[in-house]
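**Student:** Right, I'll just put the structure down here and ask away after.
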Ligand code: SF4
């Protein structure tokens, strides 16, 4: 169902898999491990307020070969979508990765690899339900840019699955420049659907927020983000951008990501930072690509985001 085409191991122990599918298309998965100390939480979130974040093996899997959503910071978005994976091809990535690494039991699965899972809804739902019901799987989460009707369906049809919503900006004008899908599903509509998901399933929703230096990383951005969110329903997961050749963005220092989470916590919004994994084998968040990038798509991003000189990195930057 999926055939191993390539396997590489990161210095941090994560493993990148490239799978060949029937028809010759390739997709990636990454297997990594987290421990209670993998995540960084704001100092204000201690004692009873400390988030209980799970540890163990995580397999991040793909649902499409390529992606047409076109998020400007993402390598997969530079690869035109050529195939929606079947439910079997999706779930097979988990079992094949676990078999390769001799892991049985306690596996967490995240649909955050190549593709927008909610644009391949039925196979993703079926695979997620099958995985969630398997003895070796502890937890399944689907990450989406915010396909509103699909979030509503998921709440009704797969309430045992967790939801991650990628926001990456706190205002519509900024989010539209980073995630063009925002024109169709703006922030208010996405958060309304995520709120319905959280209330109907009783599951907190993680809001993913990828920091891009000088673009969405200021104290003002944190304040605006916190003002949008209900702290009883949402947790913000702060992510660091992993370099993609040809894309004009800059990564913030790790310390700045912690500061951003602190700003959120100061507003009463639970947050935590996920340090990058598998970055040295190009399998970090946003780095997955299995063909040459489309020159047209690359040109579009570099014309929309001309490089500006942000100067040397400073830990205390972004307090504007
Ligand atoms: S972030 Fe996800 S939805 Fe956006 S282009 Fe990349 S793979 Fe597609």
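**Student:** Along the Cα-to-C-beta direction of residue 1, a point sits 7 Å from the Cα; which residues of segment 54-86 have their amide N less than 12 Å from that point?
**Tutor:** The answer is 86.
**Student:** Relative to the present Cα-Cα distance, how much length would full extension add between residue 43 and residue 135 at 0.36 nm per residue of separation? Intermediate results must be reported in sequence, preceding the final value.
**Tutor:** Values: separation 92, 0.36 × 92 = 33.12 nm, distance 3.60 nm.
This chain segment gains 29.5 nm when fully extended.
**Student:** Related question: What's the center-to-center distance, using Cα atoms, between segment 52-118 and segment 121-178 in Å?
**Tutor:** 12
**Student:** Suppose R0 equals 22 Å. What FRET efficiency, 1/(1 + (r/R0)^6) with r the Cβ-Cβ distance, do residue 254 and residue 291 give to the nearest 0.05?
**Tutor:** Between residue 254 and residue 291 the formula returns 0.10.
**Student:** Which order do the peptides 38-44, 163-169, 102-108 take when ranked by the mean count of other beta-carbon atoms within 10 Å per residue, highest first? All intermediate terms of the calculation are to be shown ahead of the outcome.
**Tutor:** Working: 38-44: 17.3, 163-169: 22.9, 102-108: 14.1.
Descending mean neighbour count gives 163-169, 38-44, 102-108.
**Student:** Same structure again: Summing -39500 (n - 2.57) over the DSSP H runs of n ≥ 4 in the chain and dividing by its residue number, what mean residue ellipticity at 222 nm do you reach, to the nearest 500 deg cm²/dmol? Display every interim value, and only then the final one.
**Tutor:** Details: 8 runs with 92 residues, N = 320.
Computed mean residue ellipticity for the chain: -9000 deg cm²/dmol.
**Student:** Explain nothing, just the number: relative contact order of the chain, from Cα pairs under 8 Å at least 6 residues apart, as a whole percent.
**Tutor:** Answer for the chain is 19 percent.
**Student:** Within segment 179-218, which residues have the backbone N less than 12 Å from the label spot 7 Å out from residue 230 along Cα→beta-carbon, could you tell me?
**Tutor:** Hits in segment 179-218 for residue 230 at 12 Å: 191-205.
**Student:** Please tell me the relative contact order of segment 171-248 in percent, rounded to the nearest whole number, where contacts are Cα pairs under 8 Å and at least six residues apart.
**Tutor:** Here the relative contact order equals 32 percent.
**Student:** Kirkwood Rh over alpha-carbon pairs of the chain, then Stokes-Einstein at 4 °C and 1.567 mPa s: what D in µm² s⁻¹, rounded to an integer?
**Tutor:** Reported coefficient: 66 µm²/s.
**Student:** For Cα pairs less than 8 Å apart in space and 6+ apart in sequence, what is the mean separation divided by the residue count of segment 1-126, i.e. the relative contact order in percent?
**Tutor:** 25
Bear in mind that the values in this text are calculations on the coordinates, not laboratory data. Please read all numbers here as calculations on a predicted model, not as lab measurements. All Cβ positions, even for glycine, are placed from backbone atoms using ideal geometry, and neighbour counts span all protein chains on display.
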